[in-house]
Amino acid sequence: AGIKAEGGLKVFILGLDALDWMIVDLVSEKYPLKNMSKLRQEGTWGDLRSIQPLVSPLVWTSIVTGVTPDLHGITDFLAKDPKTGEDIPITSWMRRVPALWNMCTAAGLKCGFIGWLASYPAEEVNGFVVSDRLAYHMFDPNWREGKEVEVLAGLTYPPDLISEIKDLILKPEDVTERLSDYVQGDVNTTKY
């Protein structure tokens, strides 16, 4: 959806991985989803006509590049590290074509992207990028093994943006308390 702005048009894209509008409609019959309703009333929304297989990094990279996986190179959540042979989460370095943030920057347009899959390490842009690795990343072997991950380099562009938002980052164990406002039942027994 476009929003008129001084000097041009602003575009805001909100992507919700695995969202199903039929489920949203069913839930909204019982529980008011005010923000979702407002987004639908004031914006443009719809079902994604996608490529197969429906693997999130493959789909999200296709959206942000405009090309298929055989061209952009992102085909799964993990890839082999050429140095170690270990499976590692995919990175922006593995993408073979420019992403929308690169295109905007090349065209002199300001942009901001938050949490887009395969955006780590954050690339230099005319604006900002908060990479997908800022918070818990279930495909990172360090997270899966319970190791503390304290990587700061590459999480954001500009690099000093991390200092502004670092206090907002939750660890997986912090999420249960926050979810209690949104989930019925004992969230402390929920496994993540």
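The values are calculated or read from the model by the stated rules, or taken from the named source; none is laboratory data. Since we're looking at a predicted model, the values are computed, not measured. Positions of Cβ are backbone-derived with ideal geometry, glycine not excepted, and every protein chain shown enters the neighbour counts. Protein only, heavy atoms only, side chains kept; ligands, DNA and RNA dropped before computing areas. Shrake-Rupley method; radii C 1.70, N 1.55, O 1.52, S 1.80 Å.
Scanning the range 19-42 for residues that are in contact (Cβ under 8 Å) with a residue 12 or more places away in the chain and in contact with a Leu (Cβ under 8 Å, 6 or more places away or on another chain) yields 24, 39.
How many residues are modelled with pLDDT of 95 or more and open to solvent by less than 60 Å² (accessible area, probe 1.4 Å) when one looks only at the range 69-85? Explain how you work it out, then say what you get.
Residues of the range 69-85 that are modelled with pLDDT of 95 or more, as a first pass: 69-74.
Retained after the next criterion (residues that are open to solvent by less than 60 Å² (accessible area, probe 1.4 Å)): 69, 72-74.
Qualifying residue count, the range 69-85: 4.
Annotation note: of 99, 106, the sole residue that is exposed (fewer than 15 other Cβ atoms within 10 Å of the Cβ), under 22 Å from residue 159 (Cβ atoms) and at pLDDT 95 or above is 106.
In the set 60, 93, only one residue is surrounded by 16 or more Cβ atoms within 10 Å (Cβ to Cβ) and without any contact (Cβ under 8 Å) to a residue 60 or more places away in the chain; that residue is 60.
Please specify each residue of the range 122-166 satisfying the condition of being among the acidic types (Asp, Glu) and either modelled with pLDDT under 80 or over 25 Å from residue 103 (Cα atoms) (or both).
Initial filter on the range 122-166 (among the acidic types (Asp, Glu)): 123-124, 132, 140, 145, 148, 150, 160, 164.
Within the range 122-166, 140, 145, 148, 150, 164 meet the criteria.
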